[in-house]
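The values are calculated or read from the model by the stated rules, or taken from the named source; none is laboratory data. Keep in mind the model is a prediction, meaning the values are calculated, not measured. Here the Cβ is made from the backbone with ideal geometry for all residues, glycine too, and neighbour counts use every protein chain on show. Only protein heavy atoms, including side chains, enter the accessible area calculation; ligands, DNA and RNA are left aside. Shrake-Rupley method; radii C 1.70, N 1.55, O 1.52, S 1.80 Å.
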Amino acid sequence: LDSIAMKEEDRERKKELLLLPIKEFEEAMSIDPKAQDAAHNLAIAYYHSGRYAESVQAGLSSIKYNPENASTWSNLGNAYFRNNEFDKAIEALNKSMAMGLTSDDTYNFLGSSYFNKRDYKTAIVMFNKALEKKPGQADVLNNLASAYGSIGDFKNAITAFKRSSEINPSNPQTWYFLGLTYQNIGDAAN
């Protein structure tokens, strides 16, 4: 994939930059539907373009011919998550982990999938593993805090929200949910 497109921070600009590689990968797939590398890269390009259903299809095409590609399974799991297919996301992400891809991102998506299935205790385990891999991630800390809050563990929720606010003090959601958590324990002053 074009490294310039992948490094682009602006979502709309990234989508624009990925149009050419997507077209090229689609053309490669039309010439050779078994071109696993093209399918793999097409799945990634679709994912980063916000075309998650198409990412799933390209990912499935890729693993049809190379089922041992942990990166493809990981991207497939992320795309399933974005499509709100949490059981499939968990299955795909676990396959990528079984093949040795145990990144913080994988754990975060797993945790988020379990969270959306209301399995908060497993979500907490996954978010903590993501933080072990890469400490100091404000978004993961917010996810962890939300999972703690969902099981009524407000003390740990407050701790995680506070850690997140120290890392990224300009995130209004962190402050909002920290305030709600204090409200849940009857601490109006905080």
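Remark: pairs (first residue in region 141-158, touching a residue at least 24 places away in the same chain (Cβ under 8 Å) and under 13 Å from LYS121 (Cβ atoms); second residue open to solvent by 30 Å² or more (accessible area, probe 1.4 Å) and of a type in the set (S, T, N, Q); Cβ separation under 6 Å; 6+ apart in sequence or on different chains) = TYR148/ASN156.
From the list ALA39, ALA28, pick out the single residue that is over 30 Å from ASN128 (Cβ atoms), assigned to a helix (DSSP H, G or I), open to solvent by 20 Å² or more (accessible area, probe 1.4 Å) and of a type in the set (Gly, Ala, Ser). Reasoning before the result, please.
Working: ALA39 fails: open to solvent by 20 Å² or more (accessible area, probe 1.4 Å).
Exactly one residue qualifies, and that residue is ALA28.
I'm checking my understanding of the structure. Among residues of region 78-116 that are part of a helix (DSSP H, G or I) and β-branched (Val, Ile, Thr), which one is surrounded by the fewest Cβ atoms within 10 Å (Cβ to Cβ)?
Step one: list which residues in region 78-116 are part of a helix (DSSP H, G or I), which gives 78-82, 86-98, 104-116.
Within this subset, residues satisfying the condition of being β-branched (Val, Ile, Thr) are 90, 106.
Values: ILE90: 21, THR106: 24.
Only one residue fits best here, namely ILE90.
The rows are residues; the columns are (1) at pLDDT below 95; (2) within 16 Å of the chain's Cα centre (by Cα); (3) surrounded by fewer than 17 Cβ atoms within 10 Å (Cβ to Cβ); (4) farther than 29 Å from LEU101 by Cα.
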position: MET126; (1), (2), (3), (4): no, yes, no, no
position: ALA130; (1), (2), (3), (4): no, yes, no, no
position: LYS134; (1), (2), (3), (4): no, yes, yes, no
position: ASN143; (1), (2), (3), (4): no, yes, no, no
position: TYR148; (1), (2), (3), (4): no, no, no, no
position: PHE161; (1), (2), (3), (4): no, no, no, no
position: THR181; (1), (2), (3), (4): no, no, no, yes
position: ALA188; (1), (2), (3), (4): yes, no, yes, yes
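Residue-level check: of (1) modelled with pLDDT under 95; (2) assigned to a loop (DSSP other than H, G, I, E, B); (3) among the polar types (S, T, N, Q), SER61 misses just (2).
Of all the listed residues (GLU54, GLU68), the sole one being within 22 Å of MET29 (Cβ to Cβ), open to solvent by 30 Å² or more (accessible area, probe 1.4 Å) and not in a helix (DSSP H, G or I) is GLU68.
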